[in-house]
Amino acid sequence: PTLFGQLNAGIESTTDKGTTVNSYASRVGVKGSEDLGNGLKAVYHLEWQIDVAGGKGATASEDLGARNAVVGVAGGFGTVLLGRHDTPLKMSQAKDLFNDGVADMGKSNITGGLGMLGKGGEVRAANVIAYVSPSFAGISLVAAGVSPEGVTGEDVKLTDAYSVALMYGSQKEGLYLSAAYNNYGSDMMNALGATATPAVTGLDDATEMRISAQYAAGGLIANVTYQDFQDTGTFNDADELVATEGSNIQAQVGYKMGKLMPKLKYSTTDFDAAGADDGSAYAIGLDYALGKKTKGYIEYMNSDSDMNGSGDDITSTVVGLLHKF
Amino acid sequence: PTLFGQLNAGIESTTDKGTTVNSYASRVGVKGSEDLGNGLKAVYHLEWQIDVAGGKGATASEDLGARNAVVGVAGGFGTVLLGRHDTPLKMSQAKDLFNDGVADMGKSNITGGLGMLGKGGEVRAANVIAYVSPSFAGISLVAAGVSPEGVTGEDVKLTDAYSVALMYGSQKEGLYLSAAYNNYGSDMMNALGATATPAVTGLDDATEMRISAQYAAGGLIANVTYQDFQDTGTFNDADELVATEGSNIQAQVGYKMGKLMPKLKYSTTDFDAAGADDGSAYAIGLDYALGKKTKGYIEYMNSDSDMNGSGDDITSTVVGLLHKF
Amino acid sequence: PTLFGQLNAGIESTTDKGTTVNSYASRVGVKGSEDLGNGLKAVYHLEWQIDVAGGKGATASEDLGARNAVVGVAGGFGTVLLGRHDTPLKMSQAKDLFNDGVADMGKSNITGGLGMLGKGGEVRAANVIAYVSPSFAGISLVAAGVSPEGVTGEDVKLTDAYSVALMYGSQKEGLYLSAAYNNYGSDMMNALGATATPAVTGLDDATEMRISAQYAAGGLIANVTYQDFQDTGTFNDADELVATEGSNIQAQVGYKMGKLMPKLKYSTTDFDAAGADDGSAYAIGLDYALGKKTKGYIEYMNSDSDMNGSGDDITSTVVGLLHKF
């Protein structure tokens with residue numbers, strides 16, 4: 001087994017919150033494989049989120065956050081995985097130059113709280129069976145079925161939600177294109193709202209769609225993502241769906257020059273709600289490669305009041321350090 | 001230190017629950033030892049249960065389940081361990097061919113909810129001091145003392161509960177015989193029910209007894225277990241003991257042919273309650289060795305309504321993958 | 001990455017509690033570094049507390065306790081760390097010969113519940129930026145800024161609390177001197193009490209001061225610590241500060257003879273409260289080195305009724321085993 005991880009911490013100054021030290025999706029994990037012969041291998045990947053800045057002293061517990069945790073078999077037919085995993089739609093993401101930070105594409109300040117659970121398409125699902133196809137002419141297919149967690153009194157199915165993505169090329173170099181679709185069936189939606197009594201029923205299927213295009217060459221990386229969200233949203237205390245529908249476009253560009261990489265993101269959301277104004281947000285940043293596995297960075301994020309819905313513009317500045325092991 | 005673990009996940013279809021992806025006692029741990037000279041060594045073993053299919057996304061915590069965690073000293077005199085550990089009665093188990101799965105011998109569908117906390121004798125105890133003797137003529141003794149966890153206002157003792165087991169032979173090859181006895185004293189019972197106000201008092205000692213016999217040779221493995229449970233049970237919301245008394249017999253047989261092993265289990269429980277009918281359950285399965293550390297399996301379990309107490313027969317079918325590292 | 005840990009468990013007999021098996025700040029962690037060139041390196045250290053004796057069976061979760069977790073950069077300028085860490089005042093501690101056990105210098109029975117959160121100065125803080133200077137003429141400076149965790153509706157600052165320590169010499173050999181000061185500003189104090197409605201306001205700055213002196217040579221180790229606590233304390237259920245002010249002196253001596261080390265601690269607290277009597281506590285113990293990374297020990301602790309505030313003298317006896325890996 002290989003022990004691995006990624007630590008990301010920084011000093012963050014955010015509107016109406018002040019200045020503090022934060023952890024950004026720091027993680028630790030164990031992974032490995034066994035050669036089964038005949039071109040087959042068993043694979044596993046376990047990962048937990050850790051909050052390197054959190055907790056309140058020696059007696060406090062530190063809950064581990066759930067990240068990908070799967071076991072499966074890989075071979076010429078592709079890979080089949082069982083466990084908890086990013087949806088194929090999330091996996092289809094073009095490279096997020098502001099990944100995990102204050103301008104991560106899933107953050108509410110950036111995408112406007114669209115999508116299931118307000119995550120802008122960046123959903124990790126429990127109770128998943130996933131299939132990753134081999135590559136045919138540069139194209140690969142990823143599909144996943146998801147059943148609801150913790151539901152009682154009804155029959156769950158592995159098709160209660162499903163996610164499928166088609167990807168062409170490499171997310172690191174050259175041209176990359178992807179299209180992905182998520183469907184949260186009414187049974188899954190009802191289940192997500194089922195902690196209330198009486199349970200929520202009669203909800204429509206929720207859908208998420210994402211199209212990504214990226215070009216990376218000679219230090220330059222540029223991409224654009226179009227997303228559309230229908231009947232998705234978050235559940236309030238009464239377990240009623242607070243729908244957030246609309247579409248979002250994000251564009252990013254970065255240019256690596258030696259150890260430096262300036263980077264830029266722009267995001268605009270067209271909310272479907274009657275009378276809602278379009279929201280926009282942008283971020284600029286500079287990465288500095290301190291070593292093969294370590295970088296320092298500074299990021300500035302600005303989210304306008306229409307985007308974040310708080311009634312005020314929100315800005316964040318982070319000076320951070322990221323180390324992979 | 002050695003990092004180790006075992007991942008077990010499958011697609012499960014169960015009566016009135018539907019079809020989903022589950023994790024079956026998947027685990028990760030760290031173990032090691034230090035040679036202290038003079039035939040002595042320090043030993044430790046830390047293990048946590050993980051739910052590779054559970055959690056609900058990136059912000060959810062994933063609680064680690066408590067498994068064995070001990071530190072101790074081993075030498076010619078045997079081994080002394082301090083910490084949290086399976087009771088010797090659980091350790092005395094003949095090989096469970098359906099271990100951790102839907103037909104595990106501790107599951108309520110299989111044993112009828114007998115035993116302390118309804119676990120059919122499969123109890124892991126906190127606050128344990130355990131002793132494992134060396135083998136004399138193939139016989140070894142394991143004994144453990146257990147004090148209650150989290151009790152206030154009274155003096156706890158390491159003899160508030162105790163467990164002792166005698167074992168002959170190997171659990172892997174040839175003849176294996178064992179006899180084990182658990183005693184949960186009235187102080188331990190009162191303590192387990194002490195979260196209510198007024199605390200539960202006046203409970204009798206609870207006892208568990210298990211006798212196992214197994215023969216394994218040339219790919220064949222067959223065993224039978226007789227268990228008896230008195231004054232054991234679970235605590236309801238008012239912290240009153242809901243006693244489940246009775247005796248249970250389980251028989252299993254498996255035959256390894258190359259990479260395949262068909263396996264069979266039958267269980268019958270004689271409940272002591274007046275007017276209660278005998279319950280029965282059975283399971284059939286097929287293991288397929290994909291590699292040294294990986295197997296695929298299919299298991300089918302049937303528990304009749306008298307056994308599971310739900311008013312209906314319950315069946316489960318699992319197609320699963322187990323990988324050890 | 002290096003996997004490391006320390007297991008410490010023992011059989012403990014304590015007044016009015018009885019006899020049980022306990023875990024004493026057992027822990028597991030991962031640490032490592034990357035050489036960045038130019039005399040720089042990236043460093044990280046992640047550590048969690050584990051309760052090797054706790055939990056209540058296979059279905060119980062075992063919360064990990066928060067310990068130090070930091071990532072940072074070290075070079076000729078010193079070390080800068082971000083995350084969760086012991087305060088410099090705690091770091092300035094002379095060697096505690098009864099560390100983590102029933103006579104640990106932070107235990108309420110030993111120090112009388114003085115200090116922030118009743119921890120006698122042994123506070124680990126979240127949301128920390130810390131700086132450790134290089135050594136000049138044997139003197140090094142450690143400073144940390146801390147912002148409140150989980151506060152909403154107000155601007156937090158990295159100076160809401162701060163801790164600074166000056167240290168001379170080595171904590172292991174020869175002369176060691178240190179002086180340290182903690183300041184919990186009124187914003188931090190209000191934040192700690194802010195879970196109540198209405199939030200606690202108008203609290204004064206709390207301060208902690210610690211001066212330590214130690215001499216270690218030829219197997220002998222002796223040290224004395226003077227501490228003073230003002231406006232510190234714990235928060236009751238109504239989130240009101242229950243102040244515990246006063247000063248504490250602890251003296252320890254140990255003498256290593258081959259594998260054996262007898263050790264002694266005496267502590268006296270002068271409570272500032274009107275009419276309060278001075279409390280005192282002492283502990284004696286014997287360590288036995290079983291191996292390079294393993295020791296057995298016996299410790300006896302006596303805390304008088306004025307010190308522990310329970311109305312009775314409290315004594316604890318522990319026979320324990322400590323193993324590092």
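The values are calculated or read from the model by the stated rules, or taken from the named source; none is laboratory data. Nothing here was measured: the structure is a model prediction, and the numbers come from that model. Note that we place each Cβ from the backbone using ideal geometry, even for glycine, and neighbour counts take in every protein chain shown. With ligands, DNA and RNA removed, areas are computed over all heavy atoms of the protein, side chains included. Shrake-Rupley method; radii C 1.70, N 1.55, O 1.52, S 1.80 Å.
Is it fair to say A:Tyr176 is in a strand (DSSP E or B), modelled with pLDDT of 95 or more, closer than 26 Å to A:Val242 by Cβ and among the hydroxyl-bearing types (Ser, Thr, Tyr)?
The answer is no for A:Tyr176.
Could you say whether any residue in the range C:254-268 is open to solvent by 40 Å² or more (accessible area, probe 1.4 Å), touching a residue at least 24 places away in the same chain (Cβ under 8 Å) and touching a Leu at 6+ places or on another chain (Cβ under 6 Å)?
Scanning the range C:254-268 turns up at least one residue that is open to solvent by 40 Å² or more (accessible area, probe 1.4 Å), touching a residue at least 24 places away in the same chain (Cβ under 8 Å) and touching a Leu at 6+ places or on another chain (Cβ under 6 Å).
Have a look at A:Gly39, A:Gly78 and point out the one that is under 25 Å from B:Ser26 (Cβ atoms), modelled with pLDDT of 95 or more, more than 10 Å from chain B (Cβ to nearest Cβ) and out of contact with any Cys (no Cβ under 9 Å at 6 or more places or on another chain).
Exactly one of A:Gly39, A:Gly78 is under 25 Å from B:Ser26 (Cβ atoms), modelled with pLDDT of 95 or more, more than 10 Å from chain B (Cβ to nearest Cβ) and out of contact with any Cys (no Cβ under 9 Å at 6 or more places or on another chain), namely A:Gly78.
(1) in contact (Cβ under 8 Å) with a residue 12 or more places away in the chain; (2) open to solvent by 10 Å² or more (accessible area, probe 1.4 Å); (3) in a loop (DSSP other than H, G, I, E, B): which one isn't true of B:Gly55, the others all being true?
The one condition B:Gly55 does not meet is (1).
Residue check, B:Ser23 against (1) closer than 30 Å to A:Leu158 by Cα; (2) buried (at least 22 other Cβ atoms within 10 Å of the Cβ); (3) touching a Ser or Thr at 6+ places or on another chain (Cβ under 8 Å), all met but one. Which one?
So B:Ser23 meets the others, but not (3).
Give the residue, chosen from C:Asp306, C:Asp239, C:Asp270, that is modelled with pLDDT under 95 and not small (Gly, Ala, Ser).
Answer to the selection: C:Asp239.
What do you reckon, is C:Leu40 within 30 Å of B:Lys90 (Cβ to Cβ) and surrounded by fewer than 24 Cβ atoms within 10 Å (Cβ to Cβ)?
Answer is no for this residue.
Inside the range C:133-149, can you point out the residues that are out of contact with any strand residue (DSSP E or B) (no Cβ under 7 Å at 6 or more places or on another chain) and part of a loop (DSSP other than H, G, I, E, B)?
Selection gives C:Ser135, C:Ala137.
Hey, does the range B:276-294 have a residue that's within 14 Å of another protein chain (Cβ to nearest Cβ) and among the hydrophobic types (A, V, I, L, M, F, W, C)?
yes
Report, by residue number, each residue of the range A:199-215 that is hydroxyl-bearing (Ser, Thr, Tyr) and at pLDDT below 80.
Hit for the range A:199-215 is A:Thr201, nothing else.
Within the range A:135-176, how many residues turn out to be over 23 Å from the mean Cα position of the chain (by Cα), open to solvent by less than 40 Å² (accessible area, probe 1.4 Å) and within 29 Å of A:Leu40 (Cα to Cα)?
The total comes to 1.
For A:Gly32, are the conditions met, namely being over 15 Å from the mean Cα position of the chain (by Cα), facing chain B (nearest Cβ under 10 Å) and either touching a residue at least 40 places away in the same chain (Cβ under 8 Å) or open to solvent by less than 30 Å² (accessible area, probe 1.4 Å) (or both)?
yes
Can you name the number of the only condition in (1) within 10 Å of chain A (Cβ to nearest Cβ); (2) open to solvent by 20 Å² or more (accessible area, probe 1.4 Å) that C:Val132 fails?
(1)
If you take the residues in the range A:14-29 that are in a strand (DSSP E or B) and under 27 Å from C:Thr2 (Cβ atoms), which one is nearest to the other protein chains (Cβ to nearest Cβ)?
Of everything passing the filter in the range A:14-29, A:Val21 is nearest to the other protein chains (Cβ to nearest Cβ).
Quick one: B:Trp48 ticks every box in (1) open to solvent by less than 20 Å² (accessible area, probe 1.4 Å); (2) under 20 Å from C:Tyr24 (Cβ atoms); (3) within 14 Å of chain A (Cβ to nearest Cβ) bar one, so which box is it?
Among (1) open to solvent by less than 20 Å² (accessible area, probe 1.4 Å); (2) under 20 Å from C:Tyr24 (Cβ atoms); (3) within 14 Å of chain A (Cβ to nearest Cβ), the lone unmet condition for B:Trp48 is (1).
Can you go through C:Glu47, C:Glu34 and tell me which one is part of a strand (DSSP E or B) and closer than 22 Å to B:Gly32 by Cα?
From the options C:Glu47, C:Glu34, the qualifying one is C:Glu47.
Answer with yes or no whether B:Ala66 is out of contact with any helix residue (DSSP H, G or I) (no Cβ under 7 Å at 6 or more places or on another chain), of a type in the set (A, V, I, L, M), within 14 Å of chain A (Cβ to nearest Cβ) and in contact (Cβ under 8 Å) with a residue 24 or more places away in the chain.
Here the answer is yes, as B:Ala66 does meet what is asked.
Is it the case that A:Ala238 is in contact (Cβ under 8 Å) with a residue 40 or more places away in the chain and not aromatic (Phe, Trp, Tyr)?
Spelling it out, A:Ala238 is indeed in contact (Cβ under 8 Å) with a residue 40 or more places away in the chain and not aromatic (Phe, Trp, Tyr).
What number of residues within the range A:210-242 are open to solvent by 60 Å² or more (accessible area, probe 1.4 Å) and of a type outside the set (D, E, K, R)?
Residues meeting the conditions: 7.
From the list A:Ser305, A:Ser267, pick out the single residue that is touching a helix residue (DSSP H, G or I) at 6+ places or on another chain (Cβ under 6 Å) and farther than 21 Å from A:Ile11 by Cβ.
Going through A:Ser305, A:Ser267 in turn, just one is touching a helix residue (DSSP H, G or I) at 6+ places or on another chain (Cβ under 6 Å) and farther than 21 Å from A:Ile11 by Cβ: A:Ser267.
Mind listing just one residue for me: the one in the range B:84-102 that is over 12 Å from the mean Cα position of the chain (by Cα) and modelled with pLDDT of 95 or more and, of those, farthest from the other protein chains (Cβ to nearest Cβ)?
B:Leu97
Every residue in the range B:78-123 that is open to solvent by 10 Å² or more (accessible area, probe 1.4 Å) and outside any loop (DSSP other than H, G, I, E, B), please.
B:Thr79, B:Val80, B:Leu81, B:Leu82, B:His85, B:Asp86, B:Lys90, B:Met91, B:Ser108, B:Asn109, B:Leu117, B:Gly118
Taking interchain pairs and intrachain pairs at least six residues apart, which have beta carbon atoms under 6 angstrom, with the first residue in the range A:309-325 and more than 30 Å from C:Ala42 (Cβ to Cβ) and the second in a loop (DSSP other than H, G, I, E, B)?
Here the result reads A:Asp313/A:Asp304; A:Ile314/A:Thr15, each pair linking the range A:309-325 to a residue that is in a loop (DSSP other than H, G, I, E, B).
What about A:Ile11, is it buried (at least 19 other Cβ atoms within 10 Å of the Cβ) and closer than 22 Å to C:Leu3 by Cα?
no
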